[in-house]
Amino acid sequence: MKKIIRRVKHAVELNEIFAAWCAEHTLEDVLAKFTAAQGTIAPIYSIDQIAADPQARAREMIARVPDRDFGSVAMANVVPRFAADPAQLRHAAGDVGQDNREVYRDWLGLSEQQIERLTQKKVI
C-alpha cells in the first residue's frame, strides 16, 4: 500500500520520466518493454491505427453504412453488441428535420393543417 501512496504522491514526476522515456522509443519498443516487465500499458491510437488494428477489425469496430450524400461512410459501430440482440447501424444521420413530417403526422397524429399552422408560428 505504501508503494501506491508514494506513486500517487509523485505522479507528476513519474509521468514526466515515463513521457520522456516513451518519446525516445518506438511504440513497438515501448509496448514490448512494458510487457516484458509485466507493466500495464495501452497505446492511445490514432484513427488510422484503430482501423488497422487486428482486434478492432475482428470486432468490426468501424462499419461502413449507407449515406445519401457520400454513398457510404465509415462510422464507429454499435457497442456493446449482444449475440441474442445484435444492434446494427442502418444508415448515417440525415439532414436536420428530414423526418419531421413523418414524426408529426404519423407518430403524433397531427393533421397537415396543424403542421402548417405550427410551422408558420415557427413552433416547428
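Considering the conditions (1) without any contact (Cβ under 8 Å) to a residue 12 or more places away in the chain; (2) touching a helix residue (DSSP H, G or I) at 6+ places or on another chain (Cβ under 8 Å), Gln98 is excluded by exactly one of them, (2). Only one of (1) assigned by TED's automatic domain parsing to the domain that holds Glu116; (2) farther than 30 Å from Thr119 by Cβ; (3) not hydroxyl-bearing (Ser, Thr, Tyr) is not met by Val79, so which one is it? Here Val79 meets the rest and fails (1). Scanning the range 107-124 for residues that are part of a helix (DSSP H, G or I) and under 32 Å from the mean Cα position of the chain (by Cα) yields a total of 1.
Listed here are the residues, each with its yes/no results for (1) at negative phi; (2) in contact with a helix residue (DSSP H, G or I) (Cβ under 8 Å, 6 or more places away or on another chain); (3) of a type in the set (A, V, I, L, M).
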{"residue": "His25", "(1), (2), (3)": "yes, yes, no"}
{"residue": "Glu28", "(1), (2), (3)": "yes, no, no"}
{"residue": "Ala56", "(1), (2), (3)": "yes, yes, yes"}
{"residue": "Arg68", "(1), (2), (3)": "yes, no, no"}
{"residue": "Gly94", "(1), (2), (3)": "yes, no, no"}
{"residue": "Trp107", "(1), (2), (3)": "yes, no, no"}
{"residue": "Gln120", "(1), (2), (3)": "yes, no, no"}
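The single residue among Asp69, Asp53 that is surrounded by 12 or more Cβ atoms within 10 Å (Cβ to Cβ) and either out of contact with any strand residue (DSSP E or B) (no Cβ under 6 Å at 6 or more places or on another chain) or in the same structural domain as Leu31 (by TED's automatic domain parsing) (or both) turns out to be Asp53. Among residues that are exposed (fewer than 12 other Cβ atoms within 10 Å of the Cβ), out of contact with any Pro (no Cβ under 8 Å at 6 or more places or on another chain), β-branched (Val, Ile, Thr) and part of a helix (DSSP H, G or I), Val79 is not included.
The values are calculated or read from the model by the stated rules, or taken from the named source; none is laboratory data. None of the values given here were measured: they were computed from a predicted structure. Cβ: placed from backbone, ideal geometry, glycine included. Neighbour counts: every protein chain shown.
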